[in-house]
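J.: My structure is below; once you've seen it, I'll send some questions.
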Amino acid sequence: MLKNNPVVKKLVETGEERVGKLAQQLMSNEKFVAMVQTLVSRSLAAKGTLDSALRSALSAMNLPSTADLEQLRNKVDDLERLLSSVESKVDTLVAARKK
């Protein structure tokens with residue numbers, strides 16, 4: 001309903017143009033780009049610090065981390081594959097004895 005309204009279409013087009021121009025101006029401003037890069041860099045550093053603190057806290061409480069659980073899951077998967085292989089070999093031996 002509103003998408004087909006010519007006034008709404010014109011407003012959206014005008015808004016898109018202005019946002020595009022503003023984004024272009026901001027991206028051409030070296031100070032803005034440097035500020036965004038610094039912000040992203042600091043955010044990533046803070047995330048790393050938080051992750052490290054959480055791992056330490058989980059370890060202190062003797063609780064597994066996500067990485068610990070993933071490692072355990074991989075070991076269980078390996079064991080399941082090994083057990084399946086052993087079962088298959090046992091089935092083959094049993095079938096051979098029945099003949």
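Where a number appears in this text, it was derived from the coordinates with a stated rule and is not lab data. Bear in mind that the values here come from a model prediction, so they are computed numbers and not experimental data. No Cβ is skipped: glycine too gets one built from the backbone with ideal geometry, and neighbour counts run over all protein chains shown.
J.: Looking at Gln25, is it without any contact (Cβ under 8 Å) to a residue 12 or more places away in the chain and touching a helix residue (DSSP H, G or I) at 6+ places or on another chain (Cβ under 9 Å)?
T.: Details: without any contact (Cβ under 8 Å) to a residue 12 or more places away in the chain: yes; touching a helix residue (DSSP H, G or I) at 6+ places or on another chain (Cβ under 9 Å): yes.
So Gln25 fits the description; yes.
J.: Here's something else I'd like to know. Of these, Arg73, Arg18, which one is surrounded by 10 or more Cβ atoms within 10 Å (Cβ to Cβ), under 26 Å from the mean Cα position of the chain (by Cα) and among the basic types (Lys, Arg)?
T.: On inspection, the qualifying residue turns out to be Arg73.
J.: Looking at Ser28, Ser43, which one is among the small types (Gly, Ala, Ser), exposed (fewer than 10 other Cβ atoms within 10 Å of the Cβ), out of contact with any strand residue (DSSP E or B) (no Cβ under 7 Å at 6 or more places or on another chain) and on the phi < 0 side of the Ramachandran plot?
T.: Values: Ser43 fails: exposed (fewer than 10 other Cβ atoms within 10 Å of the Cβ).
Every option except Ser28 fails the conditions.
J.: Name the pairs whose Cβ atoms lie under 6 Å apart, with the first residue in the stretch 53-74 and hydroxyl-bearing (Ser, Thr, Tyr), the second part of a helix (DSSP H, G or I), and 6 or more positions between them or separate chains?
T.: Matching pairs, first to second residue: Ser65/Arg55; Ser65/Leu58.
J.: Here's a follow-up. So, in the stretch 25-59, exactly how many residues are over 29 Å from the mean Cα position of the chain (by Cα) and part of a helix (DSSP H, G or I)?
T.: Matching residues across the stretch 25-59 total 4.
J.: For the list (1) more than 20 Å from the chain's Cα centre (by Cα); (2) part of a helix (DSSP H, G or I), I need the number of the one condition that Asn62 fails.
T.: If we test Asn62 against (1) more than 20 Å from the chain's Cα centre (by Cα); (2) part of a helix (DSSP H, G or I), just (2) comes out false.
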